[in-house]
Amino acid sequence: MLKFFSDLFRFRSIFINAFYSSLYGTRLFFGVHLRSAQNILIFAQADIEKGSRIFASFPSDRNQKNIVIEDHCWIGHDVEIQTLYDSKIEIKEYASVQDRCKIIGSVSIGKYSILAPDIFISSGNHNYKSAPHLTIREQDKKHAGSAAAFNKVSKPVVIEEDCWIGKNVFIRQGIYVGRGAIIGTNAIVFKDIEPYTIHAGSPTEKIKDRFVFDPPTEISAFVEEQLPYFYRGFEHYSPQKSTVELLRENQGIASENKALAILKNEDWSQIEIHGMSRINGALSIFVNGQLHKTHKIAIGEAFHIGLHRAEIENTQAIAEYLSLPDFLKKHLCISFELINDNMHQKYHFTISKIKAS
């Protein structure tokens with residue numbers, strides 16, 4: 001009888017694991033707990049280990065997924081990922097989140113980033129001082145007990161691409177961790193971290209630079225030391241090819257439909273952008289958040305786009321730019337946004353050179 005129940009439990013485990021794998025097309029091991037699975041998007045080549053809990057909420061926009069885990073991500077054992085109300089958690093491709101990490105609220109983790117075990121990240125906080133004579137739970141209910149109230153107090157956390165966060169790190173709400181940054185074990189992060197800097201301590205202090213982030217006025221995809229200035233949304237890594245082979249094959253650095261490059265912000269009158277399109281679409285280019293104009297690009301064709309300072313529209317800057325910290329806004333921020341009919345394709349065009357003069 002004992003063997004019967006043991007076999008029954010084993011077959012039940014196999015069935016549930018197979019069901020989840022077929023549902024998501026991913027390696028979702030038995031013992032992974034999902035809540036509000038219809039609001040979770042797990043890409044086909046992600047791995048999620050036993051004991052992890054992925055709890056989505058119900059966003060106001062029913063067409064939006066508020067937890068997204070992209071291809072080649074690895075989520076370790078007993079990790080907790082949880083959204084509240086309209087918050088969103090995005091874990092970009094090739095990122096790894098190791099055992100027992102907790103990620104709560106609105107958090108973005110960039111491509112290629114590595115999170116060691118036991119990290120705590122949250123966009124929220126408990127309210128204890130608005131009415132200190134009341135319990136903290138009562139104050140939380142008043143100030144964060146609805147979607148509208150939570151949205152007012154939640155401050156998103158952004159971890160850019162290629163970051164390494166050490167074991168037992170605490171990252172408070174509203175923190176921005178720049179591209180390529182490293183944070184040492186047991187650190188408490190109370191302030192923004194600049195790109196390619198190494199921090200440690202409680203609270204964190206800068207130890208040294210991993211790489212001196214000093215953008216030039218011209219960046220080339222074929223100069224390795226300039227690759228960090230292709231800051232977000234570009235393809236920097238492939239497990240099958242070296243970086244040099246990848247760039248040579250693509251004839252530049254491949255870009256997603258949204259990307260950000262950083263140049264030196266000197267007195268400039270024009271910007272030149274050289275690249276090649278992989279699809280037909282409309283490419284909008286923003287300079288320091290201001291729309292220049294939208295350019296039609298055609299599949300397989302090289303493009304050379306010239307931007308003139310006088311032509312930039314004097315409009316409200318886009319949200320992606322406004323959300324950047326001041327230490328990035330002091331540079332020249334060039335954003336790309338592509339609209340086309342094939343948004344399922346990962347990389348849409350390549351950039352070989354950007355020059356401001």
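So here's what we get for this one:
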item: Local net charge near residue 217, Cβ-Cβ under 12 Å (Lys/Arg +1, Asp/Glu -1); result: -2
item: FRET efficiency, 1/(1 + (r/R0)^6) with R0 51 Å, evaluated for residue 50 and residue 314 via beta carbons; result: 0.40
item: The chain - mean residue ellipticity at 222 nm from DSSP helices (-39,500 (n - 2.57) per run, n ≥ 4, rounded to 500); result: -4500 deg cm²/dmol
item: Segment 183-267: Rg to Rh, with Rh as the Kirkwood radius over Cα pairs; result: 1.05
item: Net charge, residue 199 excluded, C-beta distance under 13 Å - Lys, Arg +1, Asp, Glu -1; result: 0
item: Contour minus Cα-Cα distance for residue 205 and residue 43 (0.36 nm per residue); result: 54.7 nm
item: Inter-probe distance in nm under a simple model that places probes 7 Å from Cα toward Cβ, at residue 58 and residue 264; result: 5.6
item: Compactness of segment 276-341, expressed as Rg and Dmax over alpha-carbon positions, Å; result: 13.0, 37
item: Nitroxide proxy distance, nm - points 7 Å out along Cα→Cβ at residue 135 and residue 80; result: 1.8
item: Answer label, with Rg and Dmax of the Cα atoms in Å calculated from the coordinates and candidates (1) 22.1, 82; (2) 24.0, 84; (3) 19.8, 72; result: (1)
item: Protection proxy ranking of 226-235, 116-125 - average other beta-carbon atoms within 10 Å, highest first; result: 226-235, 116-125
item: Total lysine pairs whose alpha carbons fall under 19 Å of each other in segment 86-145 (8 or more apart, or interchain); result: 7
item: Aspartates and glutamates with Cα under 15 Å of residue 206, excluding same-chain neighbours fewer than 8 positions away; result: 192, 194
item: Sequence-distant residues sharing a close amide H with residue 199 (under 5 Å, placed H); result: 182, 183, 184, 207
item: Other-chain or far-sequence residues with amide H under 5 Å of residue 57's (modelled H); result: 83
item: Surrounding net charge for residue 254, when Lys and Arg each add one and Asp and Glu each subtract one, Cβ distance under 11 Å; result: -1
item: Where the Cα pairs of segment 248-357 fall when distances are cut into 5 Å bins, in %; result: 2, 11, 23, 25, 20, 12, 5, 1
item: Sparse-neighbour loop sites [trypsin sites (Lys or Arg not before Pro); segment 248-354; at most 14 other C-beta within 10 Å; DSSP]; result: 330, 346
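Each reported figure results from applying straightforward, stated rules to the coordinates on display, with no laboratory input. These numbers come from a predicted model, not from an experiment. Positions of Cβ are generated from backbone atoms using ideal geometry, with glycine treated the same way; all protein chains shown enter the neighbour counts.
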